[in-house]
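Taking it in order: structure first as structure tokens, then the write-up.
Here, each number is a calculation from the coordinates, and none is a lab measurement. The shown structure was predicted, so the numbers you read here are calculated from the model rather than taken from an experiment. With ideal geometry, Cβ positions are generated from the backbone for all residues, glycine too; neighbour counts draw on all protein chains shown.
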Amino acid sequence: MIYEFNNLKEITLVRHGRTEQNEAVEKANNGDTSLFTEAYRNRPAGNHRLTDDGIIQAKATGELLRKFCDTKKFNGFFVSPYIRALETAYYLGLGENKRWSYDNFLKERDNGVFDYLSKEEIEMHFKKDLDRAASNPIFSRSPNGESMADVELRLRAFLQEVDKHGYFSNIIIVVHSRVMWTLRMIFENLRAEEIGASSVGGRN
């Protein structure tokens, strides 16, 4: 691991389960934009909830963690403040005595106006932004959104603060796919070319 800590020994990352947004975007990509209702477009990006499949996935992930990890070793439980991540943390079922701490630095990358538009609408109205993102995926931003470099800065601040605390040595973090990819960039010193364009785009 390129990134070195003083106190942290192990970090377990869990991505939230399937969400309402994932379902809406998947259908829209296949030509069905019926879920892109006015209510959907006006909903804050952090308020999308898990679908029934997402709940099943979260419970299954909890079972896998208990089977393959010594979950009793976890002494730090951190989660994104977005509802889909909070619900996933709950359904992992790691014990009622576990106190999850949400941290705003762990929220998903803000995709700006792209979070409220279908892929077809984005390609129609923001082609220049898409071209810019393709040529400079780490530093480009969608309108009113964040770049991956912005996300990296807040994640580094989070890691430094947790490590500095001194108490935490084995932590579990429930977050989002682009946050996980950014953490890999930090831990493994990866470049954009090494993680692929699909990892810096998308909505999760």
**Complete:** Note: Ala60 to His125 extended length (0.36 nm per residue) minus current alpha-carbon separation gives 19.4 nm
**Asked** Which of Ala60, Asn7, Ile83 sits farthest toward the positive end of the charge dipole of the chain, with +1 on the Cβ of Lys and Arg and -1 on the Cβ of Asp and Glu?
**Response** Asn7
**Asked** Looking at the chain, which longest stretch skips every one of the GluC sites (Glu not before Pro) that is in a DSSP loop with at most 10 other Cβ atoms within 10 Å, leaving the sites themselves out?
**Response** 97-204
**Fill in**
By the C-alpha gyration tensor axes a ≥ b ≥ c (rounded if a/c is under 1.5, else prolate when a/b exceeds b/c, else oblate), the shape of region 1-41 is prolate
**Message:** What distance in nm separates the two pseudo spin-label positions at Glu188 and Glu23, each 7 Å out from Cα along the beta-carbon direction?
**Reply:** 3.2
**Message:** Quick check for the chain: number of Lys pairs with alpha-carbon distance under 24 Å, counting only pairs 8 or more apart or on different chains?
**Reply:** 24
**Asked** Out of (i) 24, 20, 18; (ii) 30, 22, 13; (iii) 27, 20, 16, which label holds the value of semi-axes √(5λ) of the Cα gyration tensor in Å that was computed here?
**Response** (ii)
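Using helices alone, what [θ] at 222 nm do you get for the chain, with -39,500 (n - 2.57) per DSSP H run of 4 or more residues, divided over all residues and rounded to the nearest 500?
Numbers: 10 runs with 95 residues, N = 204.
Here the helix-only value at 222 nm equals -13500 deg cm²/dmol.
For Ser169 and Ser101, calculate 0.36 nm times their separation in residues minus their Cα-Cα distance, and state this gained length in nm to one decimal. All intermediate terms of the calculation are to be shown ahead of the outcome.
Details: separation 68, 0.36 × 68 = 24.48 nm, distance 1.54 nm.
Full extension from Ser169 to Ser101 adds 22.9 nm.
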**Request:** Sum up the charges of everything whose Cβ sits under 12 Å from the Cβ of Leu86, counting Lys and Arg as +1 and Asp and Glu as -1, but leave Leu86 out.
**Result:** +1
**Request:** Return the distance in nm (one decimal) between the two label points of a simple spin-label model at Phe68 and Asn47, each offset 7 Å from Cα along Cα→Cβ.
**Result:** 3.6
**Request:** Return the loop-located chymotrypsin sites (Phe, Trp or Tyr not before Pro) in region 67-163 (DSSP other than H, G, I, E, B) with at most 14 other Cβ atoms within 10 Å of their own Cβ; answer none if there are none.
**Result:** Phe139
**Asked** Rounded, prolate or oblate: which one fits region 46-111, using the alpha carbon gyration tensor with axes a ≥ b ≥ c (rounded when a/c is under 1.5, else prolate when a/b beats b/c, else oblate)?
**Response** oblate
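Give the residue list of trypsin sites (Lys or Arg not before Pro) in region 25-121 that are DSSP loop and have at most 10 other beta-carbon atoms within 10 angstrom.
Values: sites: Lys27, Arg41, Arg49, Lys59, Arg66, Lys67, Lys72, Lys73, Arg84, Lys98, Arg99, Lys107, Arg109, Lys119; in loops: Arg49, Lys98, Arg99, Lys107, Arg109.
Here the trypsin sites (Lys or Arg not before Pro) that fit, given the DSSP loop and packing criteria, are Arg99.
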